1. Can you list the HN-Hα couplings for the stretch 93-98, worked out from phi with the Karplus curve (6.51, -1.76, 1.60; θ = phi - 60°), rounded to whole Hz and with x for Gly and Pro?
2. Using the count of nearby Cβ atoms within 10 Å as a rough guide to exposure, how do Ser93, Ser111 rank from fewest to most?
3. Return the long-range amide H neighbours of Gly25 (sequence gap of 5 or more, or a different chain), with a cut-off of under 5 Å between placed amide H atoms.
4. Across the stretch 31-48, in residue order, what do the Karplus-derived ³J(HN,Hα) couplings come to in whole Hz, using 6.51 cos²θ - 1.76 cosθ + 1.60 with θ = phi - 60° and x for Gly and Pro?
5. Test of understanding: ordering Glu5, Glu26 by Cβ neighbours within 10 Å, fewest first, what list do you get?
6. What net charge is computed for the residues neighbouring Gly80, neighbours being all others with C-beta under 12 Å from the C-beta of Gly80, Lys and Arg scored +1, Asp and Glu -1?
7. For the pair Ala101 and Asp32, what calculated FRET efficiency results from E = 1/(1 + (r/R0)^6), where r is the Cβ-Cβ distance and R0 = 25 Å, to the nearest 0.05?
8. Any chance you could run the full-extension gain for Leu113 through Ile84? It's 0.36 nm times the residue separation minus the Cα-Cα distance, nm to one decimal.
Amino acid sequence: MKAQELMETAQDFTQHQLSAKHVYGEPISTHDKTIIPVAKITSGFGGGYGGSNGADPENGANKGAGGAGIGMGLVAQPVGVVEITADKTRFISANPYKYIAYGAVIGWVASRLFKFLRR
């Protein structure tokens, strides 16, 4: 398979396999709620080829030697869920670290404020 064909195969995979279906999971209905899982998908691919058409056979290099390669990476991370009820729709984050960071910042600001007021 030539490098051009490899790149076309990777592009075809990306266009047809990475869709909203992979970001938003199948809805789950329970009681009076519908839950839709949400994920973040990151992908990348690259490739290259090269040759040594002008190589010197006397130094051990074959004339016309070369190669090609392709690579692809895919990462899927849960982001949260969308909860749909008769009353409201809300997003529930799966990232608790955001709230821990908010708490740390609020705690630091409060400690500085109390220290300032004690003067």
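Nothing in this text is a laboratory measurement; each read-out follows from the coordinates by a stated rule. Remember, predicted model here, so these are calculated numbers, not experimental data. Glycine also receives a Cβ, built like all others from the backbone with ideal geometry; neighbour counts cover every protein chain displayed.
1. 3J(HN,Hα) across the stretch 93-98, in whole Hz: 6, 9, 9, x, 5, 4.
2. Final ranking by Cβ density, sparse to dense: Ser111, Ser93.
3. Val38, Ala39
4. 6, 10, 10, 10, 10, 10, x, 10, 10, 10, 10, 10, 9, x, 8, x, x, x
5. Going from least to most buried by this count: Glu26, Glu5.
6. +2
7. 0.15
8. Once the chain is fully extended between Leu113 and Ile84, it gains 6.4 nm.
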